[in-house]
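Notes follow once the structure below has been shown.
The values are calculated or read from the model by the stated rules, or taken from the named source; none is laboratory data. Just so it is clear, the structure is predicted and the values come from calculations on it, not from any experiment. So basically every Cβ, Gly included, is an ideal-geometry build from the backbone, and we count neighbours across all protein chains shown. Areas reflect the complete protein model, heavy atoms only, side chains present, ligands, DNA and RNA absent. Shrake-Rupley method; radii C 1.70, N 1.55, O 1.52, S 1.80 Å.
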Amino acid sequence: MKRSLLKFLILKSSIQQFGLLVICSMLLSFSAYAQTVSIAIGRTEIGQNENFEITLTVKNGRLTKYSEFPDIEGFRKGRPSNSSQTSIINGQVSTQQSVVQMYAPTKQGTFKLAPFSMSVNGKSVNSNGATIKVGPPVQRQVYDPFADFWGGGSSSRNQQNQQFIDVEADAFFSVSTDKNSVYRGEGFKMDISFYVSVTNRAEMDFYKLDEQVTEILKKVKPKNCWEENFNIESVHSEYVTVNGKSYRQYKIYEAMFYPLNTEDIVIEPTELQMIKYQVAQRQSFFGRNSKETVEVFKSRGKTIKVKPLPNSQYKSIASVGNYRLRQKLSDTEIQTGESVTLEFKVEGVGNISSIREPDLVESEDLLFYPPSVSQNIKRANGKVVGSKEFVYYIEPQEPGEYDLKDFISLTIFNTRTKKYETLYPEGTVVVKGKSLRDAKISKTDLGSFYDAMKNADNTLLSMDNTPMIQIILNIFVVITLVVTAVLLFKKF
């Protein structure tokens, strides 16, 4: 048994030593390659539907941090992508980490990337820049990879001789709203969608959708409105009927807007570029070849009339929406000096964030402390619904019976009834006990300020009773005379 244990310990020690040797050899292999950092410029002649690239690479080291890639006039900067790889050759390990920054051209022309430098892992790396030429969109062709085998000729020659047919797209692009006129503060829904007929035969695909939506929103988003965005994360189709015809709707943006003033909202026409494929006239064994083109779909402009609220004393303060009140009172009978909690919750459809704080009537008998405020907003099914809650702490100072509606209220303009309404809390608070109104008056009150002045001693003090002051004044006079005499002596 002891011999077996001894063999086991020896074997364990050997394995540990072997593992240590392997780790040391790997570390030595890493050190065999020096760390290098480089910046590579991609193709400088591209089509308008292609991307320009700048690649930052760190070999045999970790890429811990780096500064921003440069901005290029005429290009939109996308999100950088990361990649890494590790290789072991003859026992030597090498690593490589890269970051690729993509730039999408906004127009055709010649653009200058000036020389620039980047900070990588605390060190500066330089690049000479480049001149970038952006031409027309490049037409990428999808072709039969077995054309040479079945057609008996070169694929490039077959592609050149191939004729393609343009299939008309039965589709349209729309920026639509659910209302043509609203009151100031009343919400309207806007959605941006691409509609494709269920009978459409043209093959299409979205083209740089994120970048296009950003540019479209710059044109159609109203600047005088509060926005509640539905945050569409993925585009999917939904069957709808438009003018009696069936379509697949691809909704790419949806939001509710609430006008902050009475200026009319003008939605400008805009356009969406889509990739559309032309099909080959001749069909191969594996199907038809296709060629990629770009087609532009345009939306119509629109103006939404914004109306002022009807004339009323509440016109400037009313919260706009279809709201109702829910309340909760913690107690209905209390003693003076105790407190009661009132939850004043406004809920419904509208701009929840803009619901203002209720009006309060000041009273020394019933003290209302400033409320704590919370809100809950839900955006779904083309509506913005939710609630805003005001929680008040009330402290009675006088016994009696108090009707809450005499102290707190909120006026709204109901968008459903088109009328002003006032929301009041229901309920009565019964207060018992002694009056606390004068309880905070100090028992040590010495009277008013003017009474204290009457009792104050206003007798003038004689300078004879303050010899120290006389001494200080005499010293000051002597010093002044000495300084004056010295200055006159120097002058003459």
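Test residue 347 against the criterion of being of a type in the set (Asp, Glu), open to solvent by less than 50 Å² (accessible area, probe 1.4 Å) and within 28 Å of residue 193 (Cα to Cα), and give yes or no. No, not satisfied.
Given the stretch 389-440, what strands (runs of 3 or more DSSP E) lie entirely inside it while holding 2 or more residues that are open to solvent by less than 30 Å² (accessible area, probe 1.4 Å) and within 30 Å of residue 181 (Cβ to Cβ)? Passing ranges, in order: 408-414.
Only residues that are under 19 Å from residue 263 (Cβ atoms) and either open to solvent by 40 Å² or more (accessible area, probe 1.4 Å) or part of a strand (DSSP E or B) (or both) were counted across the stretch 216-245, and they come to 7. The set of residues in the stretch 40-66 being open to solvent by 40 Å² or more (accessible area, probe 1.4 Å) and under 28 Å from the mean Cα position of the chain (by Cα) consists of 51, 53, 64, 65, 66. Working only within the stretch 303-321, note down all residues that are open to solvent by 50 Å² or more (accessible area, probe 1.4 Å) and assigned to a strand (DSSP E or B). Across the stretch 303-321, the qualifying residues are 303, 305, 307.
Residue by residue through the stretch 109-135, note down the ones that are under 25 Å from residue 35 (Cβ atoms) and either in contact with a helix residue (DSSP H, G or I) (Cβ under 8 Å, 6 or more places away or on another chain) or part of a strand (DSSP E or B) (or both).
Correct list: 116, 117, 118, 119, 120, 123, 124, 125, 126, 127.
Taking the stretch 295-346 as the range and being under 30 Å from residue 266 (Cβ atoms) and β-branched (Val, Ile, Thr) as the test, the residues that pass are 296, 303, 304, 306, 317, 320.
Is it the case that the stretch 242-264 has a residue that's without any contact (Cβ under 8 Å) to a residue 24 or more places away in the chain and either in contact with a helix residue (DSSP H, G or I) (Cβ under 9 Å, 6 or more places away or on another chain) or at negative phi (or both)? Within the stretch 242-264, none of the residues are without any contact (Cβ under 8 Å) to a residue 24 or more places away in the chain and either in contact with a helix residue (DSSP H, G or I) (Cβ under 9 Å, 6 or more places away or on another chain) or at negative phi (or both).
Name the residue, out of 90, 82, that is under 27 Å from the mean Cα position of the chain (by Cα), open to solvent by 100 Å² or more (accessible area, probe 1.4 Å), at pLDDT below 85 and farther than 30 Å from residue 291 by Cβ.
82
Of the residues making up the stretch 97-108, those that are in a strand (DSSP E or B) and either more than 29 Å from the chain's Cα centre (by Cα) or of a type outside the set (Gly, Ala, Ser) (or both) are 97, 99, 100, 101, 102, 103, 105. Filtering 101, 96 for residues that are surrounded by 13 or more Cβ atoms within 10 Å (Cβ to Cβ), out of contact with any Ser or Thr (no Cβ under 7 Å at 6 or more places or on another chain) and at pLDDT 80 or above leaves a single hit, 101.
Looking at the stretch 363-376, can you tell me whether even one residue there is part of a loop (DSSP other than H, G, I, E, B), surrounded by fewer than 17 Cβ atoms within 10 Å (Cβ to Cβ), of a type in the set (Phe, Trp, Tyr) and in contact (Cβ under 8 Å) with a residue 12 or more places away in the chain?
Yes, the conditions are met somewhere in the stretch 363-376.
Against the numbered list (1) within 30 Å of the chain's Cα centre (by Cα); (2) within 25 Å of residue 316 (Cβ to Cβ), residue 368 comes up short only at (1). In the stretch 119-137, the residue that is most open to solvent (accessible area, probe 1.4 Å) out of those that are of a type in the set (A, V, I, L, M) and over 20 Å from residue 43 (Cβ atoms) is 125. For first residues located in the stretch 333-346 and under 20 Å from residue 360 (Cα atoms), partners that are open to solvent by less than 30 Å² (accessible area, probe 1.4 Å) and among the aromatic types (Phe, Trp, Tyr) and lie 6+ apart or on another chain with Cβ distances below 6 Å form the pairs 342/392; 344/390; 346/323.
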